[in-house]
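Visitor: First, the structure itself, so that you have it in front of you.
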Amino acid sequence: MELWRRIDRVWARWEGRAIVVVLLSMVFVASFSAGVRNLTRFDIQWANHLLMDMEWADSFLRKGTMWLAFLGASLATHYRKHIAIDLLTRVAPLKAKYAMHALAGVACGVITIGLAYAFASACYLNLTERPIEYEMIGANGSMHVCDATAEQVKELEDFSRPAVFCVARTVLKAVGIPAETPGAAFQIIVPFMFIAIGLRFLMQGIEAGVALAQGEAAMEAMEAEDRARLAIVHASVSGAPPARPGGGADGHGGAA
Amino acid sequence: MTIIAIGLILLAFIGVPLFSLFGAAAIMLFLSLPEGTWSSPAIDVFGQGFAENPSLMTIPLFTFAGYLLAESGMPRRLITVSRAWLGWMPGGLAVVCLGASAFFTTFTGGSGITIVAVGGLLLPAMLQEKYPDRFALGLVTTGGSLGILFPPSVPLILYGIIANLNMNKLLVAGIMPGIVVVVVLSIYAAFVGMKTGFVKTPFVWKTAWQTLWAMKWEAAIPVVLLAGMGSGILRIHEASVFTAVYVLFVEVVIYRDINIKRDLPRVATESMTLVGAILIIMSCAIGFTAWMIQAEIPQRVLDWMQTLISSQFIFLIILNVFLIFIGMIMEIFTAIIVAVPLVLPLARAYGLDPYHFAIIFLLNLEIAYLAPPLGINLFISSIRFGRPVTYLYRSVLTFIAVLFAALMLVCYVPIITTWLPSMMKSDDMSEDTPADVARNDDKLAGQDFGMTNEDIAALDADAGSDEAADTLPDPVVDAGTGAAPAADEAKPAAANAKPAKAAKKHAK
């Protein structure tokens, strides 16, 4: 169990770093793109060209939002800040409360793994569908632009290969993930984070079950540990009060 | 089906997070359909309803800005300014609390931070000035959700995304009703203040200007946002970027309240934890609402309602009771995600303006925050101020009555809401709604995926008018009526188009 906790902490730290990078990149790209867009109102030539070169920005921002959503959701699992209606756990005695935590954790873990499968299926459909703009006809029929030789690409007028995507595609292909389009490649985060969330819930459920089996002292210790950890999180938001395990300070498991 | 529903409800009551319950319901319901697959509830999440929705990015950016403000010295500055400008009024400090809470909640989205940040500073001061304990507690608890009608509050934006309304119009629609709510509460506060012999802070121009000058950078945010969006310079997502960058600059460089190394990463992760908790529910609920639409649940509810109620007046009363109940058992973001697709068709059928209905919806949730026995603000106040929840029940009753009076005013005098949006020209509607984008994409592809003939006819009839966005089908309705077929149809369409396009790329 201690090993899992350590892995969970390290994983959460990396998720936090990823969030900071994605969020700040989004802020930078969005502000730069908005600035350039507003300059085009004055018919400034270089701004017009720059805006055309930044067609990817909108797509990046949408994908970034999706990444933030699921990285944040995974981190919310670590901090036990998911939104839930915890009416019974709020009033239940300690033993019943931990029995409910155990059941809720395991149930949510299993459901979330199911969700990971559902989202992986949808993601696979999107990944395997080759968009027209990435298709070309070679000597042996239709092929992906990333599979074309430099000579074949050179023969196409006004066309350049999406180099970064082609590298990512090769890497993904090596681990058995087909990626025909960059848009769909970004979606892989969703099933991946659902797996992380599901595992976290499963382990939280098992932890609660173990504490229940060990008796009152173990449950009290776990309560204190959770309070201390959440106090650190909440104290940073202008001295907000600590939340209960399995729920937030707001009584709905929501993040206050 | 009934056993599954009961099982999920039981799981909800023992604290299973809502996102997984919606996800489980969506998977099971889709698998029960003959054409349903595991991927059915997830397909729409990668489309216009979620991942490709251009307005969605405003939620993390506004939330980030709100958390930065909450973490900075802004609450203290805000109270100083409010006191200098509003402290002379009857009910002085109580009115200050209302004004400061409304301003603060606008940026923090009613997530409870206001009670902790503003209430935590003002409650001791109010008790010191001999305000009745119950009144002061009720006031700071009410303040926790007071600003959600003002732009750019996150619940307002989330509603706009789910209901597929024109965002600029919706943001403007909330201003007048928001003012009505604050004014009605201020009148009550003034009445209590006069009765209890409040301590008056004399109005001194010099002090007032000095305090405002000290807060000028933060006070400018709503002014610049409204001016930018009203003039069309800022689209909604640009407004969110502007707010995030501006607040970051002001708090890091000018006020230096936020340390870029120590505080920024923490604030970013904390704010995105909240965003993640909201958006994962949205992503899982999309599949659930898609099934609801496919199973024609809203239509059945509508048919049933119409056999019982024919008057808009009665409908509004029932709607208010329903929404307060929903808002009480669910948290605001979940209530919006789940209830909007269900009740929006009803509101349309009873002839309610979509913006008017949006504000009624949100105002009800604002009241639900306080409604005993489960209102979310009651528990936050109880924990923060160390009072029993039952004591808080009695503290907020009068405030609920006052808010209900404001709700009746907003409900039955629609011009309060519709006046400002109606002043906006169609040129001001610079925001491309997801439906606009979908329509353009579909037309470009020569297909009208996911839309019925009636929808297309309605779109064509309304093309070019500023009402187009209002009459479009919801993204969730699209998803429900045609999402799965759309995905299936897209493939042959693309396959047909490929030879022509591929011919251009034919390598010699």
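Visitor: Looking at segment A:136-152 only, could you name the residues that are surrounded by fewer than 22 Cβ atoms within 10 Å (Cβ to Cβ), at the interface with chain B (Cβ under 7 Å from one of its Cβ atoms) and touching a Lys or Arg at 6+ places or on another chain (Cβ under 6 Å)?
Guide: Of everything in segment A:136-152, nothing turns out to be surrounded by fewer than 22 Cβ atoms within 10 Å (Cβ to Cβ), at the interface with chain B (Cβ under 7 Å from one of its Cβ atoms) and touching a Lys or Arg at 6+ places or on another chain (Cβ under 6 Å).
Visitor: I would also like to ask the following. Give me the residue from segment A:6-59 that is under 30 Å from residue A:226 (Cβ atoms) and of a type in the set (Asp, Glu) and, out of that set, surrounded by the fewest Cβ atoms within 10 Å (Cβ to Cβ).
Guide: A:8
Visitor: Could you grab me the full set of residues in segment B:121-136 that are outside any helix (DSSP H, G or I) and either among the basic types (Lys, Arg) or closer than 20 Å to residue B:393 by Cα (or both)?
Guide: Once the filter is applied, which keeps residues that are outside any helix (DSSP H, G or I) and either among the basic types (Lys, Arg) or closer than 20 Å to residue B:393 by Cα (or both), segment B:121-136 yields B:130, B:131, B:132.
Visitor: Moving on to the next point. Could you check segment B:40-54 and list, in sequence order, the residues that are more than 21 Å from the chain's Cα centre (by Cα) and more than 7 Å from every other protein chain (Cβ to nearest Cβ)?
Guide: B:40, B:44, B:47
Visitor: In this structure, does residue B:285 turn out to be within 14 Å of chain A (Cβ to nearest Cβ), within 30 Å of residue B:46 (Cα to Cα) and either in contact with an Asp or Glu (Cβ under 8 Å, 6 or more places away or on another chain) or not in a helix (DSSP H, G or I) (or both)?
Guide: Criteria not met by residue B:285.
Visitor: Condition (residue is under 19 Å from residue B:339 (Cα atoms) and without any contact (Cβ under 8 Å) to a residue 24 or more places away in the chain) applied to segment B:379-391: is it met by at least one residue? It would help to see each step written out before you state the result.
Guide: Applying the first criterion (under 19 Å from residue B:339 (Cα atoms)) to segment B:379-391 yields none.
Scanning segment B:379-391, I find no residue that is under 19 Å from residue B:339 (Cα atoms) and without any contact (Cβ under 8 Å) to a residue 24 or more places away in the chain, so the answer is no.
Visitor: Got a sec? Which helices (runs of 4 or more DSSP H) wholly within segment B:164-268 have at least 3 residues that are surrounded by fewer than 23 Cβ atoms within 10 Å (Cβ to Cβ)?
Guide: Helices (runs of 4 or more DSSP H) meeting the threshold: B:175-196, B:205-214, B:216-231, B:236-249.
Visitor: Select from segment B:295-334 the residues that are within 25 Å of residue B:371 (Cβ to Cβ), part of a helix (DSSP H, G or I), at pLDDT below 85 and of a type in the set (A, V, I, L, M) and list them in ascending order.
Guide: Listed by number, the residues that qualify are B:301, B:305, B:308, B:326, B:328, B:329, B:332.
Visitor: Now a separate question. Given (1) more than 14 Å from every other protein chain (Cβ to nearest Cβ); (2) outside any loop (DSSP other than H, G, I, E, B); (3) touching a Ser or Thr at 6+ places or on another chain (Cβ under 7 Å), where does residue A:172 come up short, assuming only one miss?
Guide: (3)
Visitor: Then there is this: Inside segment B:1-19, can you point out the residues that are more than 10 Å from every other protein chain (Cβ to nearest Cβ) and β-branched (Val, Ile, Thr)?
Guide: Answer for segment B:1-19, where residues must be more than 10 Å from every other protein chain (Cβ to nearest Cβ) and β-branched (Val, Ile, Thr): B:2, B:3, B:4, B:6.
Visitor: Can you tell me how many residues within segment A:74-113 are among the hydrophobic types (A, V, I, L, M, F, W, C), surrounded by fewer than 24 Cβ atoms within 10 Å (Cβ to Cβ) and not in a helix (DSSP H, G or I)?
Guide: 1
Visitor: Could you tell me whether any residue of segment B:84-96 is more than 7 Å from chain A (Cβ to nearest Cβ), of a type in the set (Phe, Trp, Tyr) and within 19 Å of the chain's Cα centre (by Cα)? I'd like the intermediate steps shown before the answer.
Guide: So in segment B:84-96, the residues more than 7 Å from chain A (Cβ to nearest Cβ) come out as B:84-96.
Those still in the list that are of a type in the set (Phe, Trp, Tyr) too: B:85, B:88.
Within this subset, residues satisfying the condition of being within 19 Å of the chain's Cα centre (by Cα) are none.
Looking through segment B:84-96, none of the residues is more than 7 Å from chain A (Cβ to nearest Cβ), of a type in the set (Phe, Trp, Tyr) and within 19 Å of the chain's Cα centre (by Cα).
Visitor: Among the residues of segment A:90-98, is there at least one that is closer than 21 Å to residue B:285 by Cβ and within 9 Å of chain B (Cβ to nearest Cβ)?
Guide: Residues of segment A:90-98 that are closer than 21 Å to residue B:285 by Cβ, as a first pass: none.
Checking segment A:90-98: not a single residue is closer than 21 Å to residue B:285 by Cβ and within 9 Å of chain B (Cβ to nearest Cβ).
Visitor: Something else about it: May I ask you to say which residue of B:121, B:86 is touching a Pro at 6+ places or on another chain (Cβ under 7 Å), surrounded by fewer than 24 Cβ atoms within 10 Å (Cβ to Cβ) and either over 18 Å from residue B:370 (Cβ atoms) or of a type in the set (Phe, Trp, Tyr) (or both)?
Guide: Checking each option against the conditions leaves just B:121.
Visitor: Being under 24 Å from residue B:45 (Cα atoms), touching a residue at least 12 places away in the same chain (Cβ under 8 Å), surrounded by 15 or more Cβ atoms within 10 Å (Cβ to Cβ) and at the interface with chain B (Cβ under 7 Å from one of its Cβ atoms) narrows it down to one of A:119, A:165, so name that one. Full working, then the answer.
Guide: Numbers: A:165 fails: at the interface with chain B (Cβ under 7 Å from one of its Cβ atoms).
From the options A:119, A:165, the qualifying one is A:119.
Visitor: How about segment B:166-215: which of its residues are within 19 Å of residue B:416 (Cβ to Cβ) and either among the charged types (D, E, K, R) or free of Cβ contacts under 8 Å to residues at least 24 places away in the same chain (or both)?
Guide: Matches in segment B:166-215: B:169, B:179, B:183, B:187.
Visitor: Tell me which residues, restricted to segment B:289-344, are among the acidic types (Asp, Glu) and under 30 Å from residue B:144 (Cβ atoms). Before the answer, list the steps.
Guide: The initial filter retains those residues of segment B:289-344 that are among the acidic types (Asp, Glu), namely B:296, B:303, B:331.
B:331 - this is the single residue of segment B:289-344 that is among the acidic types (Asp, Glu) and under 30 Å from residue B:144 (Cβ atoms).
Visitor: Taking the options A:4, A:46, A:56, A:14, name whichever one is without any contact (Cβ under 8 Å) to a residue 24 or more places away in the chain and within 30 Å of residue A:208 (Cβ to Cβ).
Guide: Going through A:4, A:46, A:56, A:14 in turn, just one is without any contact (Cβ under 8 Å) to a residue 24 or more places away in the chain and within 30 Å of residue A:208 (Cβ to Cβ): A:14.
Visitor: I'd like to check something: does segment B:313-334 contain any residue that is more than 30 Å from residue A:19 (Cβ to Cβ), without any contact (Cβ under 8 Å) to a residue 40 or more places away in the chain and among the aromatic types (Phe, Trp, Tyr)?
Guide: Scanning segment B:313-334 turns up at least one residue that is more than 30 Å from residue A:19 (Cβ to Cβ), without any contact (Cβ under 8 Å) to a residue 40 or more places away in the chain and among the aromatic types (Phe, Trp, Tyr).
Visitor: For segment B:20-29, enumerate the residues that are under 21 Å from residue B:279 (Cβ atoms) and more than 7 Å from every other protein chain (Cβ to nearest Cβ).
Guide: Answer for segment B:20-29, where residues must be under 21 Å from residue B:279 (Cβ atoms) and more than 7 Å from every other protein chain (Cβ to nearest Cβ): B:21, B:22, B:25, B:26.
Visitor: Here is a list of conditions, (1) within 15 Å of the chain's Cα centre (by Cα); (2) free of Cβ contacts under 8 Å to residues at least 12 places away in the same chain, and residue A:41 meets all of them except one; can you say which number that is?
Guide: Failing condition for residue A:41: (1).
Visitor: Please tell me if residue A:130 is assigned to a loop (DSSP other than H, G, I, E, B) and touching a strand residue (DSSP E or B) at 6+ places or on another chain (Cβ under 8 Å).
Guide: In short, yes.
Visitor: If you check residue B:374 against the conditions, is it crowded, with 22+ Cβ neighbours inside 10 Å and over 28 Å from residue B:291 (Cα atoms)?
Guide: Against the criterion (crowded, with 22+ Cβ neighbours inside 10 Å and over 28 Å from residue B:291 (Cα atoms)), residue B:374 does not qualify.
The values are calculated or read from the model by the stated rules, or taken from the named source; none is laboratory data. Computed from a prediction, not measured in an experiment: that's the story for all the values here. Every residue, glycine among them, receives a Cβ derived from its backbone with ideal geometry; neighbour counts consider all protein chains shown.
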